[in-house]
Amino acid sequence: MRGRRRYHPRVDDAPDPRRDAAVQQALAELGCADADELRVGGIAVRELAAGFGTPFYAFDLDRLRARAQAVQQALGPRIRLLWSVKANPSLAVTAALRAAGAGVEVASLGEFGVALAAGHGAGDVRFAGPGKTDAELAAAVARGLGCVHVESADEIDALAAAAARHGRRQGVAVRVNLPQGSAGARLRMSGDSSRFGVDLDQVPALLRRAAGLPHLELRGLHGYAGTQTFDAEAVVAHARALAAHRDRLERELLLPLPELDLGGGFGSAHYLGDPAFDLAAAGRGLRELVAAHDRPERRWFVELGRFLAAPIGVYVAAVVRTKTSGGRRHLILDGGLHHCGVAAGVGTVLRRPPLLVPATALRAPAVTSFAIGGPLCTPQDQFAEELQLPACGRGDLLAVLGAGAYGLTYSSTMFLSHPTPAEFAVERGAARVVRERGQPADALRGQQL
Ligand SMILES: Cc1ncc(COP(=O)(O)O)c(C=O)c1O
């Protein structure tokens, strides 16, 4: 044993999800603040597991719609809320958000297809992303997509050529990379040199070019500073700068830029210790900004993924094996990184435990700490190095809260060729499968010798 670090679990040292404010908030968002077991839309995840097996996602669509309406209310009537499909390309989730009045923003033809299947008209869809191919642009134009947010100079020409071929006048906006970026975003996507958007000093030439091409209809500007911003003032500050640049560019270029997509990036808790985002403060700041810059012909947008969907979804996996190694207790689940990337820290720099709770024993006292990981053959497939939990053994259910965004869509689903998890939607007290569980045979799909 010499040279090997012995691990001595000390319950008091390991993080305890029951004492974490973000976990308590996440449980409250699901209506489980005082519950003994986890329920989604009133249905115990234990029942779903008993009936259909694990692992799975469950989404509360009633709460999702209510959330979208609350966000729209906070933004006020002049800002249109858009759902960013990338956060969760579930058809059921996208359709529920459409029913709640949200517009939609996509980043691929696949997501465009989800938006259409969810009932959006093609003309209402907006398409952003730094690497759209000519073929994707042509397909989007052919299907009547509303507005393409171009992110580089040559994308304008590819789009104009596609629009000319289809005899269409294609709506277009330019995504701007503001030099100041957003100080608050955990994952920054603007400021400095960036793959995203067009540097501010190059924007005038692009706008002139777009305005001069007969098959393009220049609509305006888009800015997206980054994701996981917990500082509402940072979101508003970025939007303010964007609005000021739009006014200046309109003046200097004498070009109308009626549409402005202010981005978003409102933070939502995924990890122990995460703060809460102040929706009221962001809404107030954005409403004031719009009031200061508004004109009747102007249209304003905010695009959100995580903030809308993360809190209404859970990922549930079962313990398949337990063991003690180096003095540490391990729980090995039937799900992990390949299903719920966000819980395994994908996209984070400093890994912290996710909002993980024992699904059938929410209020049971912790007895010891466990390392919790999945079945993949990589050390990255670890949800927590140590977490205080009640007694846990084979068959017990663990749930990741805040998993309604960047779950399956943000996961390396192919690694080890495990089947993908089922997804349930719960609505008006009834659960239904909205994405079938994958099969082991899926590993061979599309392959040939
Ligand atoms: C352009 C754009 N819009 C919207 C989003 C959605 O962000 P979030 O899920 O943090 O709201 C992203 C996320 O990366 C994005 O890149």
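Structure notes:
- Among the residues making up region 248-262, those that are assigned to a helix (DSSP H, G or I) and open to solvent by less than 30 Å² (accessible area, probe 1.4 Å) are LEU249, GLU250, LEU253.
- The single condition among (1) of a type in the set (A, V, I, L, M); (2) at pLDDT 95 or above; (3) in contact with a Gly (Cβ under 7 Å, 6 or more places away or on another chain); (4) open to solvent by less than 20 Å² (accessible area, probe 1.4 Å) that VAL342 does not satisfy is (2).
- For region 384-422, residues that are open to solvent by 10 Å² or more (accessible area, probe 1.4 Å) and part of a strand (DSSP E or B) total 4.
- Count of residues meeting criterion [within 9 Å of the ligand (Cβ to nearest atom) and either farther than 20 Å from VAL434 by Cα or part of a loop (DSSP other than H, G, I, E, B) (or both)] in region 286-314: 4
- Considering residues of region 207-233 that are farther than 24 Å from LEU137 by Cβ and not in a loop (DSSP other than H, G, I, E, B) only, the residue most open to solvent (accessible area, probe 1.4 Å): GLU233
- Index of the failed condition, HIS215 passing every other in (1) within 24 Å of GLY305 (Cα to Cα); (2) away from the ligand (no atom under 16 Å from the Cβ): (1)
- Condition check for SER268: crowded, with 20+ Cβ neighbours inside 10 Å and either more than 14 Å from the ligand (Cβ to nearest atom) or at pLDDT 95 or above (or both): yes
- Residue check, VAL426 open to solvent by less than 10 Å² (accessible area, probe 1.4 Å), within 27 Å of LEU304 (Cβ to Cβ) and not in a loop (DSSP other than H, G, I, E, B): yes
- Boolean, ARG46 is of a type in the set (Lys, Arg) and more than 18 Å from the chain's Cα centre (by Cα): yes
- VAL104 vs. criteria open to solvent by less than 40 Å² (accessible area, probe 1.4 Å), part of a helix (DSSP H, G or I), closer than 22 Å to GLU427 by Cα and not acidic (Asp, Glu): no
- Hey, LEU221 under 14 Å from VAL172 (Cα atoms), touching a helix residue (DSSP H, G or I) at 6+ places or on another chain (Cβ under 6 Å), within 16 Å of the ligand (Cβ to nearest atom) and hydrophobic (A, V, I, L, M, F, W, C) or not: yes
- Boolean, VAL104 is of a type in the set (Val, Ile, Thr) and within 16 Å of the ligand (Cβ to nearest atom): yes
- Checking SER90 against (1) polar (S, T, N, Q); (2) within 16 Å of the ligand (Cβ to nearest atom); (3) open to solvent by 20 Å² or more (accessible area, probe 1.4 Å), the condition it does not meet: (3)
- Sole residue being open to solvent by less than 50 Å² (accessible area, probe 1.4 Å), in contact (Cβ under 8 Å) with a residue 40 or more places away in the chain and within 15 Å of the ligand (Cβ to nearest atom), chosen from VAL198, VAL236, VAL172, VAL203: VAL198
- When residues of region 293-302 are limited to those that are of a type outside the set (Val, Ile, Thr) and open to solvent by less than 10 Å² (accessible area, probe 1.4 Å), the one nearest to VAL93 (Cα to Cα): PHE301
- Residues satisfying the stated conditions in region 50-86, i.e. open to solvent by less than 20 Å² (accessible area, probe 1.4 Å) and more than 16 Å from the ligand (Cβ to nearest atom): PRO55, PHE56, TYR57, ALA58, ASP60, LEU61, GLY76
- Any chance VAL141 is open to solvent by less than 50 Å² (accessible area, probe 1.4 Å), within 16 Å of the ligand (Cβ to nearest atom) and either at pLDDT below 95 or aliphatic (A, V, I, L, M) (or both): no
- For ARG248, the test of being more than 26 Å from VAL71 (Cβ to Cβ) and out of contact with any Phe, Trp or Tyr (no Cβ under 9 Å at 6 or more places or on another chain) is passed.
- Selected residue (criterion: surrounded by the fewest Cβ atoms within 10 Å (Cβ to Cβ)) from residues of region 322-339 that are in a strand (DSSP E or B) and out of contact with any His (no Cβ under 8 Å at 6 or more places or on another chain): SER325
The values are calculated or read from the model by the stated rules, or taken from the named source; none is laboratory data. Owing to the predicted nature of the structure, the values given are computational and were not obtained by experimental measurement. Note that each Cβ is placed from the backbone with ideal geometry, even for glycine, and that neighbours are counted across all protein chains shown. The area values use the complete protein model at the heavy-atom level, side chains included, leaving out ligands, DNA and RNA. Shrake-Rupley method; radii C 1.70, N 1.55, O 1.52, S 1.80 Å.
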